[in-house]
Each structure stands twice: as structure tokens, then as C-alpha cells.
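Engineer: Here's a structure for you.
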């Protein structure tokens, strides 16, 4: 067996494995941001994750349906999202000051 045929066989196997993995999510990542991370209101160190794409929603439903998540669990989720090739964004709602300078 030649090196060229071995490489071709491995590349075909990698494509098959990738397609099988994304079938678990129901879609490939994108377009755009797949996951939106936002804090529980009032801010308490817990987070909600929303799937903005079909792949993001599948990722949440399959692996992270129990929410809100602690800071440690969000770090784990981000690492796993990177491994799946998903993009994410963290958004904070605008925070109104309790006291102003005039008070």
C-alpha cells in the first residue's frame, strides 16, 4: 500500500468521523455565533447558555441542558464548544447604577 493511498484513506475516515459527529448536533456550526452566554439576573456567578444556530441548540440540548451553569461549568462548556468548532459570545445587559453622583 502506497503512502498516498494511506493518506487518502485516513482523510476519508476523518471526513466520515466529522460528519458523524455533526450528525449528533443535527448541523454543522454557523453561520454566525452558535452560542450566547449571559448571566443570571441579578448577577450571582451563574450563567445561561442559548443556542443561536441549529448546531448551537443541538449542543445545548445534548450536553448542557441543565442550567444555569457555574463559572467552572461555563469554562468546561467553552472548552467543549471549541473542540466542536462552535463560536460563542458573552453578553452582559447594561447595568443601571444603584446610586448616582447626585445622590
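Engineer: Before we move on, is residue 33 modelled with pLDDT of 85 or more and touching a strand residue (DSSP E or B) at 6+ places or on another chain (Cβ under 6 Å)? Give the steps one after another, and end with the answer.
Structural biologist: Values: modelled with pLDDT of 85 or more: yes; touching a strand residue (DSSP E or B) at 6+ places or on another chain (Cβ under 6 Å): yes.
Yes.
Engineer: With the checklist (1) loosely packed, with under 14 Cβ neighbours inside 10 Å; (2) over 11 Å from the mean Cα position of the chain (by Cα); (3) under 23 Å from residue 17 (Cβ atoms) in hand, flag the one item residue 43 doesn't pass.
Structural biologist: Going through (1) loosely packed, with under 14 Cβ neighbours inside 10 Å; (2) over 11 Å from the mean Cα position of the chain (by Cα); (3) under 23 Å from residue 17 (Cβ atoms) one by one, residue 43 breaks only (3).
Engineer: In addition: Evaluate the following for residue 25: is it modelled with pLDDT of 95 or more and surrounded by 15 or more Cβ atoms within 10 Å (Cβ to Cβ)? So that I can check it myself, show each step before the final result.
Structural biologist: Values: modelled with pLDDT of 95 or more: no; surrounded by 15 or more Cβ atoms within 10 Å (Cβ to Cβ): yes.
In short, no.
Engineer: To continue, here is another question. I'd like the full set of residues that are part of a helix (DSSP H, G or I) and closer than 27 Å to residue 70 by Cα, limited to the range 1-40. Please lay out each step first, then the result.
Structural biologist: Step one: of the range 1-40, the residues part of a helix (DSSP H, G or I) are 3-25.
Listed by number, the residues that qualify are 21, 22, 24, 25.
Engineer: Based on this model, can you work out whether residue 80 counts as in contact with a helix residue (DSSP H, G or I) (Cβ under 9 Å, 6 or more places away or on another chain), assigned to a loop (DSSP other than H, G, I, E, B), surrounded by 11 or more Cβ atoms within 10 Å (Cβ to Cβ) and modelled with pLDDT of 90 or more?
Structural biologist: Working: in contact with a helix residue (DSSP H, G or I) (Cβ under 9 Å, 6 or more places away or on another chain): yes; assigned to a loop (DSSP other than H, G, I, E, B): no; surrounded by 11 or more Cβ atoms within 10 Å (Cβ to Cβ): yes; modelled with pLDDT of 90 or more: yes.
Against the criterion (in contact with a helix residue (DSSP H, G or I) (Cβ under 9 Å, 6 or more places away or on another chain), assigned to a loop (DSSP other than H, G, I, E, B), surrounded by 11 or more Cβ atoms within 10 Å (Cβ to Cβ) and modelled with pLDDT of 90 or more), residue 80 does not qualify.
Engineer: What about residue 8, is it more than 18 Å from the chain's Cα centre (by Cα), at pLDDT below 90 and loosely packed, with under 15 Cβ neighbours inside 10 Å?
Structural biologist: Values: more than 18 Å from the chain's Cα centre (by Cα): yes; at pLDDT below 90: no; loosely packed, with under 15 Cβ neighbours inside 10 Å: yes.
For residue 8, the condition - more than 18 Å from the chain's Cα centre (by Cα), at pLDDT below 90 and loosely packed, with under 15 Cβ neighbours inside 10 Å - is not met.
Engineer: Take residue 52 and decide whether it is surrounded by 15 or more Cβ atoms within 10 Å (Cβ to Cβ) and out of contact with any helix residue (DSSP H, G or I) (no Cβ under 9 Å at 6 or more places or on another chain). Spell out how you get there, then give the answer.
Structural biologist: Details: surrounded by 15 or more Cβ atoms within 10 Å (Cβ to Cβ): yes; out of contact with any helix residue (DSSP H, G or I) (no Cβ under 9 Å at 6 or more places or on another chain): yes.
Criteria met by residue 52.
Engineer: Hey, can you tell me all the residues within the range 61-77 that are at pLDDT 95 or above, surrounded by 15 or more Cβ atoms within 10 Å (Cβ to Cβ) and assigned to a helix (DSSP H, G or I)?
Structural biologist: Residues satisfying the conditions are 73, 74, 77.
The values are calculated or read from the model by the stated rules, or taken from the named source; none is laboratory data. What you see is a predicted model; the values in this text were computed from it and never measured. Positions of Cβ are backbone-derived with ideal geometry, glycine not excepted, and every protein chain shown enters the neighbour counts.
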